[in-house]
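The values are calculated or read from the model by the stated rules, or taken from the named source; none is laboratory data. Just so it is clear, the structure is predicted and the values come from calculations on it, not from any experiment. Here the Cβ positions follow ideal geometry from the backbone for every residue, glycine too, while neighbour counts run over all protein chains shown. For the accessible areas, the whole protein counts, side chains as well, though only heavy atoms, and no ligand, DNA or RNA atoms are used. Shrake-Rupley method; radii C 1.70, N 1.55, O 1.52, S 1.80 Å.
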Amino acid sequence: MKPQQLPSGAWMVQVQRNGIRKNFIADKKSEAKNLAEAWIGEAKRTKKVGIDVHQAMLQYIEAKRNVLSPTTIAQYEKYAENAFPSLRTVPVSLLTSLDVQTAVNDETGREKQRGGRPVSAKFVKNEYAFLSAAVKLVRPDFAMRVTLPKPTKTYRDLPTATEVINSVKGT
């Protein structure tokens with residue numbers, strides 16, 4: 001998209017989109033370039049939005065149904081229904097890393113339906129892996145850059161020596 005000056009003194013920019021070649025002529029070099037960029041940008045905005053994240057998840061499950069175990073498929077179906085509620089209606093073509101990071105943050109603070117405990121870091125990681133695979137199936141060029149929660153280490157309290165001796169004594 002290099003502007004060329006015509007013998008008349010006007011500027012011309014020649015661009016091609018979807019096999020259609022078009023010339024933009026203006027009195028100023030910048031005007032011609034802006035007209036051409038606007039025409040190219042218009043094509044990007046009018047591009048088909050496509051399916052949303054929830055539909056992508058369901059498509060991924062159907063695509064992998066015969067290759068994955070029934071347990072994995074059942075878990076993926078639960079993820080598709082419960083994981084990342086803020087992303088379910090977002091079109092995959094409009095999805096950004098910031099959207100996904102916000103959803104991961106929300107998911108990290110969410111409580112499980114049973115037990116009332118917050119979801120674990122491993123659980124969020126598994127949900128994210130499923131989301132990432134489903135989005136990549138529909139939009140392979142999209143690279144999500146997301147920070148996942150760190151797993152928390154659990155330390156078990158060991159019984160003292162006297163408690164062990166007392167429990168073993170007499171056996």
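Here are a few things to note about the model shown:
- Region 140-170: number of residues that are aliphatic (A, V, I, L, M), over 36 Å from the mean Cα position of the chain (by Cα) and either surrounded by 10 or more Cβ atoms within 10 Å (Cβ to Cβ) or not in a loop (DSSP other than H, G, I, E, B) (or both): 4
- Residue check, T108 modelled with pLDDT of 95 or more, farther than 13 Å from L131 by Cβ and assigned to a helix (DSSP H, G or I): no
- T71 being assigned to a helix (DSSP H, G or I), among the hydroxyl-bearing types (S, T, Y) and open to solvent by 90 Å² or more (accessible area, probe 1.4 Å): yes
- Of the set (1) under 21 Å from D141 (Cβ atoms); (2) part of a loop (DSSP other than H, G, I, E, B); (3) modelled with pLDDT of 90 or more, all apply to A56 but (2).
- Condition check for P85 on (1) open to solvent by less than 30 Å² (accessible area, probe 1.4 Å); (2) under 28 Å from A121 (Cβ atoms): one failure, at (1).
- Region 3-26 - residue that is modelled with pLDDT under 85 and part of a loop (DSSP other than H, G, I, E, B) and, of those, most open to solvent (accessible area, probe 1.4 Å): N18
- With respect to (1) in contact (Cβ under 8 Å) with a residue 24 or more places away in the chain; (2) charged (D, E, K, R); (3) open to solvent by 90 Å² or more (accessible area, probe 1.4 Å); (4) out of contact with any Phe, Trp or Tyr (no Cβ under 6 Å at 6 or more places or on another chain), the lone exception for K29 is condition (4).
- Residue match in region 118-139 (condition: of a type in the set (S, T, N, Q) and touching a Ser or Thr at 6+ places or on another chain (Cβ under 9 Å)): yes
- Region 97-112, residues that are within 10 Å of the chain's Cα centre (by Cα) and open to solvent by 60 Å² or more (accessible area, probe 1.4 Å): L98
- A single entry from V124, V135 fulfils the requirement of being in contact (Cβ under 8 Å) with a residue 40 or more places away in the chain and surrounded by 15 or more Cβ atoms within 10 Å (Cβ to Cβ): V135.
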